[in-house]
Amino acid sequence: MDVTNTHQVVLVSISAKSSEPSDSNPEWLTNALLVLPICVAALSLLSLLIHGLYAKFLPSKAATAPREQTQTTSRLSTHVADLGGSTIFTFKTIRFAACLALLGLAISSTTLVQGGPRRDSANWIMRDGVAVVFLYAAVLGLVSVAGGVKSSKLCSTHLVCVLLASWILYFYRDVWPLCTFTLSPVDADEGWLIWTKVAVLSVAAVIVPLFMPRQHTPIDPADIPKEFPLTDTTSVFSMAVHSYCDPVVYMANKVRHLKLEELPVLSDKNYTKNLVNRSYPYIDPLLNKRRRHIGLSLIFDVFLMEHLELALMLILRIFTSFLPPLGINRLLNFIETGGEGAIVKPWVWVVWLLLGPMLGSLVWDWYHYRVTNVMTQCQAMITQLFFDHALRMRVISDVAKTASIPETESPVPSTPDRGSVAESTTIPKAGHNPESVSIATSSTKVQSIKKSTARVSGTKTATPADKAKKGTSGNLVGKLTNLVTTDLATLQGGQAFLQLLVYIPAQLVMSMLLLHSLLGWSIYPGLAVMAVMMPIPGYVAKLLRGAQVEKMKTSDSRVQSVTETMNVIRMVKLFGWEPKTSEQLNEKRQLEMSFVRKLKLLKVFNSLATKLIPLATIVVTYGTYVRLHPLYIVTTVLLATTNKTVIMKETLTASKVFASMAIFELIQAHFAGVFSILPNVIAAKVSLDRMNEFLNETELLDEYTQDNSLSIIESEIEEDAIGIRAAAFTWTVESDGTATPGSNQRNFTLKIEDEVFFKRNCINLVIGQTGCGKTSLLMALLGEMHYTSLTPDSIVSLPRGGGVAYHAQESWILNETIRNNIIFGSPYDEDRYNAVVEQCGLNPDLALFNAGDQTEVGEKGLTLSGGQKARVTLARAVYSSAKILLLDDVLAALDVHTAKGIVEKCFRGELLRDRTVILVTHNVALTAPVADFVVALGPDGRILSQGSLSSALAKDKKLESDVTKERQAIELEEKNLDETSVGQAPATKPKGQLIVEEEIALGHLGWSALKLYLGNMQGAMGSIPFWTAFVCFAFLAKVFAMLNIWVLGVWTREYEGRDPLAVPVVYYIILYTSITLISFVIYALAYATWVLGSVRASRRIHHLLIDSVFGATMRWLDKTPISRVITRCTQDIASIDGNFALSLYNLVDTVLLVSLKLGAVIVVSPIFSIPGLIVIVIGGTFGHLYMRAQLPVKRESSNAKAPVLGHFNSAVTGLVSIRAYGAQAAFRKESYIRIDKFTRAQITYWNLNRWIGVRSSILAGMFSSALGAYLVYGPVQVDAATIGFSLTMAAGFSNMILWVVRLFNRAEVEGNSMERVQQYLNIEKEPKATKAGEPPAYWPASGDLRVEGLSARYSVDGPTVLHDLSFHVKSGERVGIVGRTGSGKSSLTLSLLRCIVTEGNVFYDGISTNSVNLDALRSHITIIPQVPELLRGTLRQNLDPFSQHDDVELNDALRSAGLFSLQNDDDEDRITLDTAISGGGSNVSVGQRQILALARAIIRRSKLLILDEATSAIDFETDNIIQTSLRSKLDKDVTLLTVAHRLQTIMDSDRIMVLDAGRIAEFDKPSELLKNERGLLRLLVDESGDKEKLYAMANGTG
């Protein structure tokens, strides 16, 4: 907060009372300065001696290795390089030469000038003493040039101090007298020697230290960066004026757009890895043993020295803020007295007017430079800390810890990434998807935890109520997104807390001292009133904090909902849920904006309160000073001074009025500063509390528990054993391994009561029914589940020395190329790589892509099919060098002939020989021939059998039946299908690059983006009334504010030639108070009008953004990373809600103020029109240069944030894989890289602000100084009052012009968020719903489907994937669709829903789908994808998200889908309608998810139901139950299209469609197709292991 102008008014007003310095220098100061150089030199010598003794007798750190000297490098060049380069060496050489010259001049002065004997001690000290000092300086200079690196640096520092002390002495003795009328240089008798000495000393003591570049000192000597930014090496002067930004500004004004790569490189002190090393001992909850709050750790541990420096800068700012008004004060005094008695010449004060603002600006901008550096470093530290902390969390489903979610709470679609790590104790079912969120342990051979708390050490034990309260927090992705966007941005405003603690209190104390000197004890009643009224803003601050907390909660809810929704946006679109989901999000947005509105209006009230306190203080203080106060009566009686008009026997004169009023305005400004900063500090405190809670209250893996009791066992079993003995595993620490009765909470415990150890160097199978705990067994081995011992010799062992590879049940794919997904950071071995691709059956798939294995797969591998993703993930595990491979249901997503090829080529291949494979699978018959050891799990999570397959089947008759049926369904070699489809690859192959580069707006903020915001601010009354009201209120507020000054002027003129006792003081106090109050009220009305408009605009823009993304085409979603969409919906929306709205208001407000002030100045002093125009032109030029650089940097900064969020999202969804592979370090390194890019842009962004800030102040100083020189030395004679007013207004006006430029830039920079949002309002969209597109109410009455000439492609310019398909499916028919990978099965289902570009006609119940609105079409067709998505909430909310059905219908659907066949009614952990489902369904297995998705589809009662591999992850018995149920439970007019790999799934269909390369190869009844001996279906069935069964099914007899 800058209050320089107010200081000017204060000191100008009391200029008459100021006194000039005496006509002689103080003797004590003269004596002190005489010995100053000698004392400094003595201290320097003593310090060097102590340092030498310390280095000799005490051990020191190992010195850095000397630079290698090659034959072509001379010793001199090596020495010069060691000292920092030729430029630094030249400066040091010049300084050394100057020291020698000074020594020679000092000797000359002693021997030649003095000549005779010394007459006094002062001469002796001055001559001989200084000569000794210069001799010492020469020695230091020699060492700085010829010494080693350390000695040179040390001696250079001492030399600067010694020379500067000498320079101060000579400046005081010989230069300062030239600035006075009465003094003369003390050493003038030396003649030319003294001036030569002063000049040389100025070079050595001032110029060289200021302009010599600094030598870069690496933070990590083992990792010296190749490039350094100028901030690490530039001179002190360049750092002070921030000229290191000149190259950036110059380049930005030459090119159209400044790219990130063209910005200054990042300093190694800002590298994330170095910041981590510096901060983690204090802020990492696992390393911070003192359990200190993260905010306190950042202030007092990590950035202690920085905050001490900032406090010093604020104190210096207080003093430098008085320099400009002091110059005006002295200049006016000279003019008023006509120079009588003056000592200092007036040109000194003119120069002072230039140097004063410059010094103040240097201090102020250095403060902000350090603040922004600390803030940026803090952001990088915390961002990485959140990432690392997520890598320690246990995979826990984000479901409630207690009762089910209330039905009144609308569910929100959750992320398919399973990125939900909630602080919950609900126990996932056995099939819990581990690829949701978690991290790997280093070694998993551990003994039981006797009593574990998987929370960070030192946290309090939560009560059940607390746990229940915390248990409903959102998923990890949403929480991390909000923490690293909204909360980190909030911390920026909190950095001003030092101004509250240091700057403003010190300024207020100084103001009170000045007031006391003017008004005496009358200020104390005013202070008492101030103290009494202080609780008012305190109460408002409490309300602000509460509103901020509630606002952050609602923001969390919206951000998490948006994040989850965007992650399942394809499901939302396929189901036609866009309107209702948008409505749900808008309800959350409405609630959030209600708190935003409340928060902003409270800030208005807070501002009024802070303005009223100083006003009340003014009234009471003046009322005490004059006859307004009751004390006057008492004083009158006691002192018998009834003839007096004042209590204190003083007269309220013009000087006192102006001076005291100016100080009161200063107090008011500081109070406003307090309560404008306070809400930001409160918001930052709230955010820090949220961060602290996130770090300390989330459940961690057992490896990171407090007691650290995961001790490695060295006994009893061999080191390479893989298995478990006598242990129970749960998904949370709070579970004790026993199920809790009731349906509201599901608990699963994997119990190994005896032991299970897998065989090494062979393939082990883990088999069992759906939901029995097969995946949990792998998670237990990996250390992902909470481990409890059952006996003293309990053990879990998974040796990691040879490496572990993991294939998740749901394939985890990076947003990278196919090759990089397979290699996964391992060294590239071409032969091994080609063998892996061949054995995993990927060659045919790679042939489909133009870029082959360099094809980008997009987020979550969206360009790959489910089978392709599974094989890529398998290839990653096989390619790795890991000795142990954990494969979770790797064959589930593959057709049988592809799966058999994997078994034959990969599992029997050389690459898996002598490697231990633990394979979880439902394809028991297919994998049994390659298995050496089989572990069977029972439905209760216990080991049923282990050993041979026959023993497992003997103990589980249901499993035996499944295996028998599977054997009967196995097809033979894939070549049978390949032979018929040779040469059918698409004519045009897709390009390798999928993800498009993010668009960046160029130039200034576009009018269209600004118009979008302003146009949405208006209310129901329209734009003209809204803007008329706002402009009138804002204009009148400024007019009444300026009337205050007019009232003071009128009041002052009353004292001219009039008895002060006759002035109506009461009248003017009331008049001043009334006008002030009116200005306050009108200001509040203006700001409240703006607040209401900005809230309306924010709400509408968010609605437009959500609807635009919901309306986007599938192809646009494929090309656009969801992290970019989420960034728009979170970070950019937060900026529009806050910073952009505030910046725009400040700009409008300040422009009005400048216009009115300029008009007033021109009216009073017309001569100001020309200087004002010059200031506007120069300020505008600076502003233009600045904004050309700042805008692209801000845009690059915004774009650099999305990759950080994208990396979080990608890593969190694959945490188990990352931990299993031990790839945490690689992902941390990638996080470092992405954060460093963001930091690079942020540092440049803030430094450019400093660049314009210094230049603004220099311009203001030059303008004031030039005007002062003209008024003093010019031909026009002007009185002192006019000069004072003119100088004050000139300084204020010049500062304000550049402030307008900066506000304009700030609005443009923040408006970048509006541009980014607007970009997503103009994207490729699907056709909007129209009235004509609404189908009849009865539609569809049947499931009749007729397709005519259907061709399809994924983009307008993409290859055709379906070629002229024509067929007719009658209502109620069941049609099976088969074909190899890439034949067009999924493309056909998408084309029926118009999700891709189609040609031809599709008639659904007689109506062309092209004529029907998309939401109507998709809401009447139900598709179940291979990987279904579930929503966060209860099962009831998943099945019926919009509460349209009763429980009877829901339970019937679950029964029809086969869920109840998997569980008994007496199961305590059975799935019911009240069961809580985590985000993405991560607490149920994939098979269970498919069952629930099927039930959801049945509930929709669509006439057309499409199953796209919907039962691939379900065992054969359950599949049979589902198929039987579908045959009997579906309405007779429901058309069923089933895409399947299992022939028995579709063999009893009414008709079967065989697709090949996008064309229909066969389409008829199964019995008819089997009659064609050359048909594709006949080939598959004849070579099947269950030929007779399939023929019987086809003929209707099976």
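List every residue pair whose Cβ atoms sit under 8 Å apart, with the two residues 6 or more apart in sequence or on different chains, where the first one lies in segment 1188-1200 and is within 12 Å of Leu263 (Cβ to Cβ) and the second, anywhere, is buried (at least 24 other Cβ atoms within 10 Å of the Cβ) and among the aromatic types (Phe, Trp, Tyr).
Ser1197/Phe1238; Ala1200/Phe1238
Starting from segment 549-573, keep only residues that are closer than 15 Å to Asp1107 by Cβ, then list their pairs with residues that are of a type in the set (S, T, N, Q) and part of a helix (DSSP H, G or I) whose Cβ atoms are within a distance under 7 Å, requiring at least 6 positions of separation or different chains.
The qualifying pairs are Val562/Thr1130; Thr565/Thr581; Val572/Thr565; Val572/Thr581.
Arg1455 - would you say it is out of contact with any Cys (no Cβ under 8 Å at 6 or more places or on another chain), over 30 Å from Asp1357 (Cβ atoms), touching a residue at least 12 places away in the same chain (Cβ under 8 Å) and in a helix (DSSP H, G or I)? Steps first, answer last, please.
On the way: out of contact with any Cys (no Cβ under 8 Å at 6 or more places or on another chain): yes; over 30 Å from Asp1357 (Cβ atoms): yes; touching a residue at least 12 places away in the same chain (Cβ under 8 Å): yes; in a helix (DSSP H, G or I): yes.
Against the criterion (out of contact with any Cys (no Cβ under 8 Å at 6 or more places or on another chain), over 30 Å from Asp1357 (Cβ atoms), touching a residue at least 12 places away in the same chain (Cβ under 8 Å) and in a helix (DSSP H, G or I)), Arg1455 qualifies.
When segment 587-621 is examined, which residues are found to be within 24 Å of Arg1418 (Cβ to Cβ) and surrounded by fewer than 18 Cβ atoms within 10 Å (Cβ to Cβ)?
Once the filter is applied, which keeps residues that are within 24 Å of Arg1418 (Cβ to Cβ) and surrounded by fewer than 18 Cβ atoms within 10 Å (Cβ to Cβ), segment 587-621 yields only Glu587.
Criterion first (modelled with pLDDT of 80 or more, under 25 Å from the mean Cα position of the chain (by Cα), basic (Lys, Arg) and more than 15 Å from Val562 (Cα to Cα)) does Arg1128 satisfy it? I'd like the intermediate steps shown before the answer.
Working: modelled with pLDDT of 80 or more: yes; under 25 Å from the mean Cα position of the chain (by Cα): yes; basic (Lys, Arg): yes; more than 15 Å from Val562 (Cα to Cα): no.
Here the answer is no, as Arg1128 does not meet what is asked.
Restricting to segment 802-830, name every residue that is among the small types (Gly, Ala, Ser), touching a residue at least 60 places away in the same chain (Cβ under 8 Å) and open to solvent by 10 Å² or more (accessible area, probe 1.4 Å). Give the derivation first.
Initially, segment 802-830 is screened for residues among the small types (Gly, Ala, Ser), giving 802-803, 805, 808, 811, 825-826.
With the extra rule that they be touching a residue at least 60 places away in the same chain (Cβ under 8 Å), the set shrinks to 802-803, 805, 808, 811, 825.
Across segment 802-830, the qualifying residues are Gly802, Gly803, Ser811, Gly825.
Scanning for something free of Cβ contacts under 8 Å to residues at least 12 places away in the same chain, in a helix (DSSP H, G or I) and not aromatic (Phe, Trp, Tyr), does segment 848-869 turn up at least one residue?
Step one: filter segment 848-869 for residues free of Cβ contacts under 8 Å to residues at least 12 places away in the same chain, giving none.
No: zero hits.
Just a yes or no: is a residue in segment 1212-1223 closer than 30 Å to Cys245 by Cα and in a helix (DSSP H, G or I)?
Step one: filter segment 1212-1223 for residues closer than 30 Å to Cys245 by Cα, giving none.
Looking through segment 1212-1223, none of the residues is closer than 30 Å to Cys245 by Cα and in a helix (DSSP H, G or I).
Could you tell me which of the residues Ala1084, Ala1037, Ala1088 is at pLDDT 85 or above, under 30 Å from Leu1191 (Cα atoms) and surrounded by 16 or more Cβ atoms within 10 Å (Cβ to Cβ)? Lay out the reasoning, then the answer.
Details: Ala1084 fails: under 30 Å from Leu1191 (Cα atoms); Ala1037 fails: under 30 Å from Leu1191 (Cα atoms).
Result of the check over Ala1084, Ala1037, Ala1088: Ala1088.
Take the conditions modelled with pLDDT under 75, among the aromatic types (Phe, Trp, Tyr) and either under 24 Å from Ile1477 (Cβ atoms) or touching a strand residue (DSSP E or B) at 6+ places or on another chain (Cβ under 8 Å) (or both) and apply them to Phe729. Does it pass?
Details: modelled with pLDDT under 75: no; among the aromatic types (Phe, Trp, Tyr): yes; either under 24 Å from Ile1477 (Cβ atoms) or touching a strand residue (DSSP E or B) at 6+ places or on another chain (Cβ under 8 Å) (or both): yes.
So Phe729 fails the test.
Filter the helices (runs of 4 or more DSSP H) completely within segment 210-283 down to those with at least 2 residues that are surrounded by fewer than 17 Cβ atoms within 10 Å (Cβ to Cβ) and not aliphatic (A, V, I, L, M).
Working: elements: 230-233, 236-241, 246-252, 272-283.
Helices (runs of 4 or more DSSP H) meeting the threshold: 246-252, 272-283.
With Ser1391, Ser1387, Ser1383 as the choices, which residue is closer than 19 Å to Gly867 by Cβ, part of a helix (DSSP H, G or I) and polar (S, T, N, Q)? Talk me through it step by step, then tell me what you get.
Working: Ser1391 fails: closer than 19 Å to Gly867 by Cβ; Ser1383 fails: part of a helix (DSSP H, G or I).
Exactly one of Ser1391, Ser1387, Ser1383 is closer than 19 Å to Gly867 by Cβ, part of a helix (DSSP H, G or I) and polar (S, T, N, Q), namely Ser1387.
State yes or no: is Val934 modelled with pLDDT of 80 or more, closer than 24 Å to Gly802 by Cα and assigned to a helix (DSSP H, G or I)? Break it down stepwise before answering.
Working: modelled with pLDDT of 80 or more: yes; closer than 24 Å to Gly802 by Cα: yes; assigned to a helix (DSSP H, G or I): no.
When the stated conditions are applied, Val934 does not pass them.
Pick out the one residue from Met1017, Met1021, Met1042 that is at pLDDT 65 or above and open to solvent by 80 Å² or more (accessible area, probe 1.4 Å). Don't jump to the end; show me each part of the working.
On the way: Met1017 fails: open to solvent by 80 Å² or more (accessible area, probe 1.4 Å); Met1042 fails: open to solvent by 80 Å² or more (accessible area, probe 1.4 Å).
Residue meeting the stated conditions: Met1021.
So is Leu886 outside any helix (DSSP H, G or I) and in contact with a Phe, Trp or Tyr (Cβ under 6 Å, 6 or more places away or on another chain) or not?
Numbers: outside any helix (DSSP H, G or I): yes; in contact with a Phe, Trp or Tyr (Cβ under 6 Å, 6 or more places away or on another chain): yes.
When the stated conditions are applied, Leu886 passes them.
Name every residue in segment 787-801 that is open to solvent by less than 10 Å² (accessible area, probe 1.4 Å) and either touching an Asp or Glu at 6+ places or on another chain (Cβ under 8 Å) or free of Cβ contacts under 8 Å to residues at least 40 places away in the same chain (or both), in order of residue number. Even if it seems obvious, please write down each step before you answer.
Within segment 787-801, the subset open to solvent by less than 10 Å² (accessible area, probe 1.4 Å) is 787, 794-798.
Selection gives Tyr787, Ile795.
Look at Phe300 and say whether it is surrounded by fewer than 20 Cβ atoms within 10 Å (Cβ to Cβ), within 27 Å of Ala81 (Cα to Cα) and not aliphatic (A, V, I, L, M).
Numbers: surrounded by fewer than 20 Cβ atoms within 10 Å (Cβ to Cβ): yes; within 27 Å of Ala81 (Cα to Cα): no; not aliphatic (A, V, I, L, M): yes.
Taking the combined requirement at face value, the residue does not satisfy it.
Looking at segment 284-318, which of its residues are farther than 22 Å from Trp366 by Cα and in a loop (DSSP other than H, G, I, E, B)?
Asp284, Pro285, Leu286, Leu287, Asn288, Lys289, Arg290, Arg291, Arg292, His293
Pick out the one residue from Thr78, Thr30, Thr70 that is at pLDDT 80 or above and hydroxyl-bearing (Ser, Thr, Tyr).
Values: Thr30 fails: at pLDDT 80 or above; Thr70 fails: at pLDDT 80 or above.
The unique qualifying residue is Thr78.
I need the full set of residues from segment 1215-1240 which are β-branched (Val, Ile, Thr) and over 19 Å from Gln809 (Cα atoms), in order please.
Initial filter on segment 1215-1240 (β-branched (Val, Ile, Thr)): 1216, 1218, 1233, 1235, 1239.
Within segment 1215-1240, Ile1233, Ile1235, Thr1239 qualify.
Filter segment 1407-1438 for residues that are over 38 Å from the mean Cα position of the chain (by Cα) and open to solvent by 20 Å² or more (accessible area, probe 1.4 Å); which is nearest to Pro1336 (Cα to Cα)?
Going through the qualifying residues, I end up with Ile1407.
Out of all the residues in segment 580-608, which are more than 27 Å from the chain's Cα centre (by Cα) and either β-branched (Val, Ile, Thr) or within 21 Å of Ile1069 (Cβ to Cβ) (or both)?
Val604, Leu608
Hey, could you check segment 346-399 for residues that are in a helix (DSSP H, G or I) and among the hydroxyl-bearing types (Ser, Thr, Tyr) and say which is surrounded by the fewest Cβ atoms within 10 Å (Cβ to Cβ)?
Residues of segment 346-399 in a helix (DSSP H, G or I): 346-390.
With among the hydroxyl-bearing types (Ser, Thr, Tyr) added as a condition, the list becomes 361, 367, 369, 372, 376, 383.
Numbers: Ser361: 26, Tyr367: 22, Tyr369: 21, Thr372: 19, Thr376: 21, Thr383: 26.
Once the filter is applied, the top-ranked residue is Thr372.
Would you tally the residues in segment 1357-1380 being more than 30 Å from Cys840 (Cβ to Cβ), open to solvent by less than 30 Å² (accessible area, probe 1.4 Å) and assigned to a strand (DSSP E or B)?
Within segment 1357-1380, residues that are more than 30 Å from Cys840 (Cβ to Cβ), open to solvent by less than 30 Å² (accessible area, probe 1.4 Å) and assigned to a strand (DSSP E or B) number 4.
The values are calculated or read from the model by the stated rules, or taken from the named source; none is laboratory data. Please read these numbers as outputs of a predicted model, since none were measured by experiment. Positions of Cβ are backbone-derived with ideal geometry, glycine not excepted, and every protein chain shown enters the neighbour counts. In case anyone asks, the SASA skips ligands and DNA or RNA and just uses the protein heavy atoms, side chains included. Shrake-Rupley method; radii C 1.70, N 1.55, O 1.52, S 1.80 Å.
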